[in-house]
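One structure below.
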Amino acid sequence: MKNYSKITPVGTKDLLFEECLANRTVSTMLGNVFSQRGFHEVLTPGIEFYDLFEENVSGIPMEYMFKMSDYMGRLMVVRPDSTLPIARMVSTRLMNERHPLRLYYNQRVYRYNPGLTGRSNEVMQTGIELIGATGKRADLETITTAVEALSKCVPDFRIELGNAKFFKALARRLPVSNAKREKIRQYIESKNYSALNSELDTLEQTHAVNMIRKLPGLFGGVEVLDQAITMCEDESALRSLEYVREIYNDLTKLGLGDRLMIDLGLVQRNDYYSDIVFSGYVMGSGEPVLIGGRYDNLLDNFDCPAPAIGFGINVDALASVMMKRGNVPHKKSADVLVHSEKGYEIEAIKYTSTLSEAGIVGENSVFETVEQAEKYARYKGIKKLTIVGEEIKSIDIGAEE
């Protein structure tokens, strides 16, 4: 049997040094934005019962989840999504709390990505859920929180707006099964024109089919809405387009300019989102770093009906972009390496603590000799070696040649 003890599972990787610092920095920055806007942090278990994520509720195919069983043989999954566990939490431990609930999270999610295409099966995700609030005010509060969150990290993000109702209104008119309707949705979401056209070519070429064929290309400024409205015959779809226009016009007052776009091909997880949907993109990342939308029907599945809207941010992707741009502070070497002469080990540890209290980064030497400590300090770029014995003396260290 092959030994896998020295490799990580497919779609995962170790994070080292600056990568850890970058992730922690981004998580802290985003958490500060959320808490300052009145959101409160929650954490959910890393493993949950599979029932919570049944595909007809979550929109996540069973084969994309990492599964196991508990000691009673019950089917479990490693958390593939953060919103559903929070919905469970709201319907149980928070059921008597007054709405709206303003919650945020920062935790890992695990989901298999077929072919990967640069994506990971393990992602640090942070985001918010605004539960128990409906209407434009709640939608604007959530989307502007997303804008502020991305603004704190990168200046050149882009927000794209769409509406799940628009696709659903058109998709209802397709004479296909739910499974095929979902496949069509996935082709639109990935902008796979070839596969979409091949699928639609097998259907009668009705107005709805022709509209859906054009969805991936309905992307741009507010003129996209004008174009779609002239082609649209469904009253429900028309109302959804007008609402996108209303939200778009309000958001332009933030001075987003061409960073605010319309994408009517934004058809994320059809059974999950119910109305306005949005995504955030950053130059240097091949996938959206932020995905969100309104999901007014989700909590019905927990016998706790309530309107809700939220978003999740891929911390790993955002941290990677910021690190490449040099926007995350590098982990610097210690200012001082403190080495103890024999018998003065505790005194050296105490001295190192006084450095920390003074805001100086001190590292305690674990070497047996001064020569070994000095060689290590030179290699690490530590500028000063302090030796603690009967007296305390310091040596300035040059860079290793």
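The values are calculated or read from the model by the stated rules, or taken from the named source; none is laboratory data. Treat the numbers as computed from the prediction; the structure is a model and nothing was measured. As a convention, Cβ positions derive from the backbone with ideal geometry for all residues, glycine included, and neighbour counts pool all protein chains shown. Side chains included, ligands, DNA and RNA excluded: accessible areas come from the protein's heavy atoms. Shrake-Rupley method; radii C 1.70, N 1.55, O 1.52, S 1.80 Å.
Details
- For region 81-126, a tally of residues being among the charged types (D, E, K, R), under 30 Å from Thr25 (Cβ atoms) and either touching a Phe, Trp or Tyr at 6+ places or on another chain (Cβ under 7 Å) or modelled with pLDDT of 95 or more (or both) returns 5.
Listed here are the residues, each with its yes/no results for (1) of a type in the set (D, E, K, R); (2) free of Cβ contacts under 8 Å to residues at least 60 places away in the same chain.
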position	(1), (2)
Asn3	no, yes
Pro61	no, yes
Gly73	no, yes
Met76	no, yes
Thr83	no, no
Arg88	yes, no
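- Filter result (charged (D, E, K, R) and closer than 23 Å to Lys324 by Cβ) within region 1-34: Lys13, Asp14, Glu18, Glu19, Arg24
- The single condition among (1) at pLDDT below 85; (2) in contact with a Phe, Trp or Tyr (Cβ under 9 Å, 6 or more places away or on another chain) that Thr145 does not meet is (1).
- Selection count where residues are acidic (Asp, Glu) and out of contact with any helix residue (DSSP H, G or I) (no Cβ under 9 Å at 6 or more places or on another chain), scope region 319-346: 1
- Filter result (closer than 18 Å to Lys350 by Cβ and either of a type in the set (Lys, Arg) or at pLDDT below 90 (or both)) within region 385-401: Lys393
- Considering the conditions (1) open to solvent by 40 Å² or more (accessible area, probe 1.4 Å); (2) part of a helix (DSSP H, G or I); (3) without any contact (Cβ under 8 Å) to a residue 60 or more places away in the chain, Glu182 is excluded by exactly one of them, (3).
- Single residue of region 258-284 satisfying the filter (surrounded by 19 or more Cβ atoms within 10 Å (Cβ to Cβ) and of a type in the set (Gly, Ala, Ser)) that is nearest to Ile188 (Cα to Cα): Gly265
- When Ile349 is tested against (1) of a type outside the set (Phe, Trp, Tyr); (2) at pLDDT 95 or above; (3) touching a Gly at 6+ places or on another chain (Cβ under 8 Å), just one condition goes unmet, and that condition is (3).
- Checked across region 244-251, the condition of being of a type in the set (Phe, Trp, Tyr) and in a strand (DSSP E or B) holds for no residue.
- For region 207-224, filtered to residues that are surrounded by 14 or more Cβ atoms within 10 Å (Cβ to Cβ) and outside any helix (DSSP H, G or I), the residue that is farthest from the chain's Cα centre (by Cα) is Val222.
- When Lys191 is tested against (1) of a type in the set (Lys, Arg); (2) crowded, with 19+ Cβ neighbours inside 10 Å; (3) part of a loop (DSSP other than H, G, I, E, B), exactly one condition is not met: (2).
- Selection count, region 118-140, where residues are touching a residue at least 40 places away in the same chain (Cβ under 8 Å) and outside any strand (DSSP E or B): 11
- Residue in region 345-355 that is open to solvent by 60 Å² or more (accessible area, probe 1.4 Å), within 23 Å of His330 (Cβ to Cβ) and within 44 Å of the chain's Cα centre (by Cα) present: no
Residue-by-condition table, conditions (1) open to solvent by less than 30 Å² (accessible area, probe 1.4 Å); (2) farther than 22 Å from Tyr110 by Cβ:
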site	(1), (2)
Glu287	no, no
Leu298	yes, no
Pro307	no, yes
Gly310	yes, no
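- Scanning region 310-325 turns up at least one residue that is under 24 Å from the mean Cα position of the chain (by Cα), touching a residue at least 40 places away in the same chain (Cβ under 8 Å) and in a loop (DSSP other than H, G, I, E, B).
- When the residues of region 357-377 are filtered to those that are in a helix (DSSP H, G or I) and open to solvent by less than 70 Å² (accessible area, probe 1.4 Å), the one that is farthest from Ala334 (Cα to Cα) is Val370.
- Which numbered condition Glu160 fails, given (1) open to solvent by less than 10 Å² (accessible area, probe 1.4 Å); (2) more than 19 Å from Gly293 (Cα to Cα); (3) acidic (Asp, Glu): (2)
- Extreme residue, farthest from Asn297 (Cα to Cα), among residues of region 58-102 that are in contact with an Asp or Glu (Cβ under 7 Å, 6 or more places away or on another chain) and open to solvent by 10 Å² or more (accessible area, probe 1.4 Å): Met76
- Hits in region 175-206 (condition: more than 19 Å from Leu264 (Cβ to Cβ), within 31 Å of the chain's Cα centre (by Cα) and modelled with pLDDT of 85 or more): Ser194
- Qualifying strands (runs of 3 or more DSSP E) (wholly inside region 22-97; at least 2 residues being within 23 Å of Ala149 (Cα to Cα) and not aromatic (Phe, Trp, Tyr)): none
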